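Note sheet for the following structure.
The values are calculated or read from the model by the stated rules, or taken from the named source; none is laboratory data. Note that the structure is a prediction, hence the values are computed from the model and not measured. Using ideal geometry, Cβ is built from the backbone for each residue, glycine included, and neighbour counts are taken over all protein chains shown.
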Amino acid sequence: MKRIKFLWLLCVCVISFLLPDSLHAQLHHTNQDLPCINKNYNLLAHVAVDSTTREPLYSSEELDSMVSKLNMFFSPICVSFSLCEFNVMENDYSLGRVVSEPITTNQQLLELKTRFSLRRRINVFFLDYIRALDCGSSTYQGILTLNDANIYVERRCFDDPAEQVAHHLGHTFGLLNTFDPTNMELVDGSNCATTGDLICDTPADPFGQSAILNATQEELDLIAQNLLDTLFYNSCEFTYEIRDPNGQYYQPDMGNIMSGYPCKCGFTNDQFRLMAETILMSTIKHF
Ligand SMILES: [Zn+2]
């Protein structure tokens with residue numbers, strides 16, 4: 001069943017790329033189970049410049065196509081995005097590289113927010129590199145706050161900008177990662193409401209859990225190899241041969257946007273519902 005759901009997500013992604021725009025709406029509105037909340041967000045893009053060429057890391061055309069991809073990801077709940085500002089941070093070419101000196105990474109991100117962010121907007125910072133953060137950062141439920149809907153993504157990430165931004169919009173709209181290394185979800189789903197991402201239609205995801213699985217060195221090598229294969233060959237096929245405490249093999253949705261795998265493709269229905277709830281709550285409060 002879960003396999004079918006994953007394949008459905010994959011199919012929607014593939015088919016959507018092949019269809020003309022006029023058919024997109026039709027395709028995504030066939031799902032009557034999801035709320036349609038008709039919300040458009042203006043995104044403010046703050047783009048760092050390359051420290052060598054001094055050119056912006058992305059052109060406005062590249063960000064327009066990123067927005068089109070975002071709109072496809074979120075269209076099942078009728079949420080869309082527009083690029084309302086393209087701000088090149090050209091005054092200081094060092095802003096794109098967030099390292100831990102002379103002030104900490106978090107302090108530097110805070111400084112970017114203080115200097116450039118506008119309140120009541122979703123601000124997206126396109127940076128070159130952020131030390132010690134894997135593919136960016138955002139605030140969980142940031143949309144419920146006045147000034148924490150800030151997303152930082154980095155060029156040096158295996159995901160493309162749309163996939164990274166979609167993942168962090170997921171956090172901003174109240175989703176957790178599908179994996180939680182500190183809280184093991186069982187494959188049979190019996191503890192799905194209290195572990196992992198607390199959502200039950202996303203299968204248990206062992207990403208990052210090797211430390212608590214008492215895995216043997218051989219198993220750890222397999223896991224590492226699987227991730228490397230996925231990164232380099234983009235196979236997106238899960239061959240992680242390790243079982244949960246009940247002896248069942250993990251079969252996560254590698255295509256889930258909230259996963260840690262470089263195969264991001266879609267959200268599940270329960271993820272859409274939770275995002276819709278959070279967004280509706282935020283419209284009462286601030287946005
Ligand atoms: Zn995340």
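Listed values, structure above:
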| quantity | calculated |
| --- | --- |
| Matching residues in segment 190-208 - criterion: being without any contact (Cβ under 8 Å) to a residue 60 or more places away in the chain, away from the ligand (no atom under 15 Å from the Cβ) and in contact with a helix residue (DSSP H, G or I) (Cβ under 9 Å, 6 or more places away or on another chain) | P206 |
| Some residue of segment 124-132 being on the phi > 0 side of the Ramachandran plot and surrounded by fewer than 20 Cβ atoms within 10 Å (Cβ to Cβ) | yes |
| Meets criteria (under 19 Å from F267 (Cα atoms) and either in a loop (DSSP other than H, G, I, E, B) or within 12 Å of the ligand (Cβ to nearest atom) (or both)) for D180 | yes |
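A quick yes/no check of all residues on (1) modelled with pLDDT of 95 or more; (2) out of contact with any helix residue (DSSP H, G or I) (no Cβ under 8 Å at 6 or more places or on another chain):
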| position | (1), (2) |
| --- | --- |
| Y58 | yes, no |
| E61 | yes, yes |
| D64 | yes, yes |
| F73 | yes, no |
| P76 | yes, no |
| E90 | no, yes |
| V99 | no, no |
